[in-house]
1. Give, in nm to one decimal, the length gained when the segment between A251 and H136 is fully stretched (0.36 nm per residue of separation minus the Cα-Cα distance).
2. Give the aspartates and glutamates whose C-alpha is closer than 17 Å to that of K44, dropping any in the same chain fewer than 8 places away, or say none.
3. Could you derive backbone 3J(HN,Hα) for the stretch 11-21 from the dihedral phi with the Karplus parameters 6.51, -1.76 and 1.60 (θ = phi - 60°), listing whole Hz in sequence and x where the residue is Gly or Pro?
4. Under a point-charge model restricted to the Cβ atoms of Lys and Arg (+1) and Asp and Glu (-1), what is the dipole moment magnitude of the chain relative to its Cα centre, in debye to the nearest 20?
5. If the chain between T117 and D337 were fully stretched, how many nm would it gain, using 0.36 nm times the residue separation less the Cα-Cα distance?
6. Read phi for every residue in the stretch 292-309 and hand back ³J(HN,Hα) as whole Hz from Karplus 6.51 cos²θ - 1.76 cosθ + 1.60, θ = phi - 60°, with x for Gly and Pro.
7. Suppose a student asked you for the relative contact order of the chain, using Cα pairs under 8 Å spaced at least 6 residues apart; what percent would you report?
8. Around D190, which amide H atoms from residues at least 5 apart in sequence, or from another chain, sit under 5 Å from its own amide H, with H modelled in the peptide plane?
Amino acid sequence: MLSWSKSDPIPGGWDGASATSAHPDTRTAAQEVADTLHDRFGQKADLLVAFGSFQHVAAFSDAMNTLRRTLQPGCLLGTTAESILGDDVELDGVSGLSALALRLPEVRVTPWRSTPTDPLPLSKPELLPDRIGLQHDTRCILMLADPFTTPTHRMLHTISNCADPPQRFPIIGGLASGGSRPGINRLILDDTFQTSGAVGVTLSGRMECDFIVSQGCRPVGQPMVVTGVKDQHLITELGGRPALEQLEATASSLPANERSLLQNGLLIGLVVDEHRDHFGRGDFLVRSVLGANQADGAISIGAVIRPGQTVQFQVRDAEAAHDDLQLLLDGQQLANDPFGALLVTCNGRGKSLFGHEGHDITMTRRRLNSPPIAGFFAAGEFGPIGNESYLHGHTAVLTVFRPSSG
């Protein structure tokens, strides 16, 4: 099976095309994708992003060399994953290879890498802007990383806050998946392959990027202020009452179907912008509740928490995930059609969450008028909430590329 998409011509030279092959032979799949993109798009893409399923790990370097020889991109970035996405296809647990080619006039594409022997200088953040090519007009950073060898949380936080004066640099991408131990995942940057660290490109110049970070949750109960914290990760009090007591009160106020969702996996949302009057979807950084202590009424969460922060309990199921993505895509209807898109979704979504394949990719393509698109199922997704980018779980992160309106 082979599928492809091509954007309509856009004055100024912006252009995009994607192709996806489900052929089980790696070299054949790569040749199918390369030939299709060559016929529909041509050579000399400014950026080519490619993803291969774990069935293609052994010959992934050969596949990427085929793409490079045939298409001669200015920059090639890619990774292996548990499953891949492309066009209207979600290849979940089976062989798949997808690629997105972008022509980006007046955009500077700066490649960079981080390896165990030459890591990003996270302890000296003042050196980061030069190392990764941050500029005053940087639109986004696309980063792919190995989960076993990358200090992901620290890297995202440091890059997000390294500019002086402070600027918002959204970081998108995700953690390679499919490898069960170090050394299995593959990362590609141009003609270099690595099995650890991270690779990335910084995109700067005249281009518009929109970001959708769909955490697949809906808030339940009421927002509450954290009034007691212990050891940074333990909430002892919410609104002046023991945190566990507040949780039990919230649960008892919910209908039976939502109480069962709380029992299946309790989540909490941390407000990222306390200056808002009201909080809804997109205002929370969602993290897991890891446990509760009956003795002192504290709950443990998977994030650093501080007194005075506003939180709200959350539930997640297929319906909440569907509604959340649908709502976030509504805002894209007011803009022009994109010439390309990247979709990184959690390997806990897909068929295991929705009961059928293709939910996220099909909805995205339908709502955005079928742009060229490629993506993968990640072991963790990168995307911005407020002014900082975070590592997410069970999240779909969509990046939409449009020509500059200026």
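Read-outs throughout are calculated quantities, based only on the coordinates presented, and are distinct from any laboratory measurement. Since this is a predicted model, take the numbers as computed values, not measurements. Cβ atoms come from the backbone with ideal geometry, glycine included; neighbour counts cover every protein chain shown.
1. Details: separation 115, 0.36 × 115 = 41.40 nm, distance 4.68 nm.
36.7 nm is the gain from fully extending A251 to H136.
2. Correct list for K44: D15, D35, E106, D190, D191.
3. Going residue by residue, I get x, x, x, 5, 7, x, 8, 9, 8, 9, 10 Hz, with x marking Gly and Pro.
4. Its charge dipole is roughly 440 debye.
5. Gain in length upon complete extension: 75.0 nm.
6. 3J(HN,Hα) across the stretch 292-309, in whole Hz: 9, 10, 5, 5, 10, x, 8, 10, 9, 10, x, 6, 6, 10, 9, x, x, 6.
7. 21 percent
8. It is L76, L77, by chain and number.
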